[in-house]
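Presented below is the structure to which this report refers.
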Amino acid sequence: MASLDRTPTPLPPKAHLLGWLTAVTGLIAVIAVVVLAVMGQGEAATAVGAVAAAALSVGGVHITVQIRR
């Protein structure tokens, strides 16, 4: 029989690391794109933006669904 305790189990520390890494990567990428665009390096800003988008898509969104019957 399933437990009636609805207390969520804590995530392991490595699970939080991916979220932080994705957020920091996104922040650094935005800063780099803005700096490069202000300096007149439009092509470099586009390349950094493309690489950042690829890196951020790896992080993605993690959704956990628990089905109880």
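Express in Å², to the nearest 10, the accessible area of L17 obtained by rolling a 1.4 Å probe over the protein heavy atoms while all chains stay in place.
L17 exposes around 110 Å² with every protein chain in place.
Starting at the first residue of the stretch 40-49, write each ³J(HN,Hα) from the Karplus equation 6.51 cos²θ - 1.76 cosθ + 1.60 with θ = phi - 60°, in whole Hz, x for Gly and Pro.
Using θ = phi - 60°, the values come out as x, 9, x, 5, 5, 5, 5, 5, 5, x Hz.
The values are calculated or read from the model by the stated rules, or taken from the named source; none is laboratory data. Everything numeric here is computed off the predicted structure, so don't read it as measured data. What goes into the accessible areas is simple: the full protein's heavy atoms, side chains included, and nothing from ligands, DNA or RNA. Shrake-Rupley method; radii C 1.70, N 1.55, O 1.52, S 1.80 Å.
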